[in-house]
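Peer 1: Input: one structure, supplied below.
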Amino acid sequence: LVVHRFSVNYMNDDPGYRRFFLLLDLMTANLVVLVLSGNLILLAVSWSLTGVLLYLLLVHNTESENAKRFGTLTLVTHLMADVPLGISVYLLYRDTGSLLIQDAFSASPETAKVVTLLIVISAILKSAQFPFHLWIVYSMEGPTPVSALMHAGIVNAGAFLVNRFAPLFLHDLWGLQTAFLVGSVTAVLGSALMLIQNDVKRALGYSTVGQMGYMIMEIGVGAFALAVYHMIAHGIFKATLFLYSGNVIHSARRDPNIPEDDLYRAVVKSEEVPSKVPWVIYGAVTVIVPLVIVLVTHLVVDVNIVKYETALILLFFGWVTGVQALISTFRVGRENPFKTVLLVVLSMAVVMLGYAFIGHSLQVFLYPSEEFTDRIYRVAFGSAPFFVIDLVILGIIILAGWVFLYYTVREKHLPFHLTVYTYMSRELYIPDLYALVRNLFLRFADRIGKITLMSSPVPVYSFFLVEGKGMDPLLLLAVLFIPLFPSSVITALILRRSGFPGVILFLLAGSLLINLPDKPGSWVHTLAVLSMILHGIRVFRAGSLRDLSAEIYSGVMPAVWLSPDPVSVLVAGAGPLVVSMMDTAVVRRFGTGDLRFVRGLTSGSPGIGWALILSVLCGVSLPPLGAVHLRFALETDPGSFNYSLLMAGWFLISAGSIVRVSDAVFGKPREDTIYPDMGLRDLLIPFSLILVSSIGGILKAGGYAP
């Protein structure tokens, strides 16, 4: 509500005002559906749609190259988070036979052990944990309300997802331990990297990374309700910080002079204020007072809290935080030490008492069963040495931080100060690692594209000779129109040459042939998975929109073999058909569909640009069509391994298609090109196909379509 109200005035003069509020309203509605969903497929679709809508909001400034680059990175990371949740839905349905979330809690312990780890991995990716945190830090080119909503609500989704499936964690084996390890590392590194930033929004971004690390770490120790409390508190204060950061930036531009008060001199200039109290007394107060406050406030709320290992860990971190606060405060208030100590002690007591009371109340409200809480805590500490080692490492890191703090006020710094600062200022070289992985993958995709194209006749002929004797001839024909590897390479080559007419012909022929041959064997599932992965890799090197549509068709359509019927063919094929239709429109207006030539369509030709991005989202079966392939698998049970590879192939096709089309759709338009646009009448057919296929996809996913 605050973000929406703030946006009314903030976006008043923006040329994309209506588009912004359309997407913002859809995002809010989708988040509400995500929270209220009691159906596994609806939950998975809402989870995926969150990343798509966030991507469209982040690239609101369509001419910004940074917005395009890091908006795409955000979507790719969120698509990656969809994969483990999709596999979890499949495993739960296979085990329980139901798509209702409450029925999923009756899954066998063996299934629950796998599902909980997958859910934690999905939460780690969506909540910007190290090393998948760059999307939240660099996605600052979107409007300030989008940043506020992203940091206040969307990045918190990891805590919600784990709490939604909390009963399954009674059988957890590795999920909670993974959450504790990743969360603790993220909390330390995110907070440390925040101190190096000289940009207020990026500093807030790393602050969010550190806070999300604490949230995931709380999940790792079994404090599920505390993670929800952290999610709520972080959402409120981080949204406020982002909304107000704009005012701070404008004020700094008007008045660059910084007032040099005690805080500035102590923290920025590292100047010592004359001390009137011996340092031994300060040291004793600094160590003892926070410990007493933390223990007393928690014992007042719940006298039995010390019996839980989780509580001891949280008390330890509360004590460390209090000590750190006192160290910083004493550096500022040494001229009046007793007043400073009194104010700090009282404020800390009030904060800790409120923290303990609200946290305990939320625990009782969300999980009233003490037996459930006890069992979760026991599962979280199933491997005590693991937690002890992690705590020792964190203690060493905290102690090292205090040593650094001590020597920062000395004239002679430690020799490795500069080395540490160098690595931290380069953000531990994680952005460089991202670039290296990207370049290596693109080289690999180039190599795969050349090898499969050159050698495709060999496996095709071998396949026909070996399998063709005992195979229905109609099936051999059908696998060309609804492609399976190795014939899928030939299909992609034909569609690259023929374009839109070829897609229509292949789609109609496939819908007619799909039910004519005998029911294929299980080997079809394996070939379908292989086809999706192969063309998911090849799509990253598509040079034109026609190449892109051919690779999407050859990558998406094999999933139809999991549930072969004409409706599945038409629903899954409508997306590639619309992409091919948009390729024809672009070529007609610009003379080429080369992705190296076409640039900035959403700014130069908005009708073509937005229709193209929507058609690609539809073509790769992103929401609301994303559940179609999930439903295919639920109907046929291709096996856990095959389905995991199927989701991996879907991720590659989706990510590759978005990466390629973003170059054409977003960015600055070319100055040497005239941008003719499409009218409403021209857009009627592609948008009608998208609407019909979306409705058909929803019906198919819900089991209503024949």
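The values are calculated or read from the model by the stated rules, or taken from the named source; none is laboratory data. Model, not experiment: these values are computed from the prediction. As a convention, Cβ positions derive from the backbone with ideal geometry for all residues, glycine included, and neighbour counts pool all protein chains shown. Side chains included, ligands, DNA and RNA excluded: accessible areas come from the protein's heavy atoms. Shrake-Rupley method; radii C 1.70, N 1.55, O 1.52, S 1.80 Å.
Peer 1: Based on what the data block shows, is residue 626 open to solvent by 10 Å² or more (accessible area, probe 1.4 Å), at positive phi, at pLDDT below 75 and out of contact with any Cys (no Cβ under 6 Å at 6 or more places or on another chain)?
Peer 2: It is false that residue 626 is open to solvent by 10 Å² or more (accessible area, probe 1.4 Å), at positive phi, at pLDDT below 75 and out of contact with any Cys (no Cβ under 6 Å at 6 or more places or on another chain).
Peer 1: In the set 5, 19, which member is of a type in the set (D, E, K, R) and either in a loop (DSSP other than H, G, I, E, B) or open to solvent by less than 70 Å² (accessible area, probe 1.4 Å) (or both)?
Peer 2: 19
Let's see how each residue does on (1) part of a helix (DSSP H, G or I); (2) surrounded by fewer than 23 Cβ atoms within 10 Å (Cβ to Cβ); (3) among the aromatic types (Phe, Trp, Tyr); (4) at pLDDT below 85:
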site	(1), (2), (3), (4)
150	yes, no, no, no
167	yes, yes, no, no
178	yes, yes, no, no
196	no, yes, no, yes
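Peer 1: Could you say whether any residue in the stretch 75-90 is among the aromatic types (Phe, Trp, Tyr) and surrounded by fewer than 22 Cβ atoms within 10 Å (Cβ to Cβ)?
Peer 2: No, there is no match, as no residue in the stretch 75-90 is among the aromatic types (Phe, Trp, Tyr) and surrounded by fewer than 22 Cβ atoms within 10 Å (Cβ to Cβ).
Peer 1: A follow-up question, please. Among the residues of the stretch 589-602, is there at least one that is assigned to a helix (DSSP H, G or I), under 26 Å from residue 531 (Cα atoms) and open to solvent by 40 Å² or more (accessible area, probe 1.4 Å)?
Peer 2: Within the stretch 589-602, not a single residue is assigned to a helix (DSSP H, G or I), under 26 Å from residue 531 (Cα atoms) and open to solvent by 40 Å² or more (accessible area, probe 1.4 Å).
Peer 1: Does the stretch 130-138 include one or more residues that are among the β-branched types (Val, Ile, Thr), over 23 Å from residue 639 (Cα atoms), outside any loop (DSSP other than H, G, I, E, B) and open to solvent by less than 10 Å² (accessible area, probe 1.4 Å)?
Peer 2: Yes, the conditions are met somewhere in the stretch 130-138.
Peer 1: Related question: Any residue in the stretch 555-568 that is surrounded by fewer than 24 Cβ atoms within 10 Å (Cβ to Cβ) and more than 33 Å from the chain's Cα centre (by Cα)?
Peer 2: For the stretch 555-568, residues surrounded by fewer than 24 Cβ atoms within 10 Å (Cβ to Cβ) and more than 33 Å from the chain's Cα centre (by Cα): present.
Peer 1: Looking at the stretch 522-559 only, could you name the residues that are part of a helix (DSSP H, G or I), closer than 24 Å to residue 438 by Cα and polar (S, T, N, Q)?
Peer 2: 531, 549, 554
Peer 1: A further question follows. Residue check: is residue 120 among the β-branched types (Val, Ile, Thr), farther than 18 Å from residue 52 by Cβ and either under 22 Å from the mean Cα position of the chain (by Cα) or surrounded by fewer than 19 Cβ atoms within 10 Å (Cβ to Cβ) (or both)?
Peer 2: yes
Peer 1: Residue check, residue 215 against (1) at pLDDT below 85; (2) open to solvent by less than 60 Å² (accessible area, probe 1.4 Å), all met but one. Which one?
Peer 2: Every listed condition holds for residue 215 apart from (1).
Peer 1: Tell me the residue from 79, 75, 91 that is touching a residue at least 24 places away in the same chain (Cβ under 8 Å), over 26 Å from residue 113 (Cβ atoms), in contact with a helix residue (DSSP H, G or I) (Cβ under 9 Å, 6 or more places away or on another chain) and part of a helix (DSSP H, G or I), please.
Peer 2: Just a single option satisfies the conditions, and that option is 75.
Peer 1: Scanning the stretch 603-616 for residues that are open to solvent by 10 Å² or more (accessible area, probe 1.4 Å) and farther than 13 Å from residue 689 by Cα, which turns out modelled with the highest pLDDT?
Peer 2: My answer is 610.
Peer 1: If you don't mind, another one. Just checking, which of 188, 182 is surrounded by fewer than 24 Cβ atoms within 10 Å (Cβ to Cβ), assigned to a helix (DSSP H, G or I) and over 19 Å from the mean Cα position of the chain (by Cα)?
Peer 2: Exactly one of 188, 182 is surrounded by fewer than 24 Cβ atoms within 10 Å (Cβ to Cβ), assigned to a helix (DSSP H, G or I) and over 19 Å from the mean Cα position of the chain (by Cα), namely 188.
Peer 1: For the stretch 60-70, check the following and say yes or no: at least one residue is surrounded by fewer than 23 Cβ atoms within 10 Å (Cβ to Cβ) and within 23 Å of residue 159 (Cα to Cα).
Peer 2: no
Peer 1: In the stretch 1-57, which residue that is among the aromatic types (Phe, Trp, Tyr) and touching an Asp or Glu at 6+ places or on another chain (Cβ under 7 Å) is farthest from residue 617 (Cα to Cα)?
Peer 2: 20
Residues checked against (1) open to solvent by less than 50 Å² (accessible area, probe 1.4 Å); (2) within 21 Å of residue 620 (Cβ to Cβ); (3) small (Gly, Ala, Ser); (4) modelled with pLDDT of 85 or more:
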| position | (1), (2), (3), (4) |
| --- | --- |
| 486 | yes, no, no, no |
| 493 | no, yes, no, yes |
| 497 | no, no, no, yes |
| 502 | yes, yes, yes, yes |
| 506 | yes, yes, no, yes |
| 516 | no, no, no, no |
| 519 | no, no, no, no |
| 545 | yes, yes, no, yes |
| 549 | yes, yes, yes, yes |
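Matching residues to (1) in contact with a Pro (Cβ under 7 Å, 6 or more places away or on another chain); (2) open to solvent by 70 Å² or more (accessible area, probe 1.4 Å); (3) closer than 20 Å to residue 132 by Cα:
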site: 10; (1), (2), (3): yes, yes, no
site: 32; (1), (2), (3): no, yes, no
site: 39; (1), (2), (3): no, no, no
site: 51; (1), (2), (3): no, no, yes
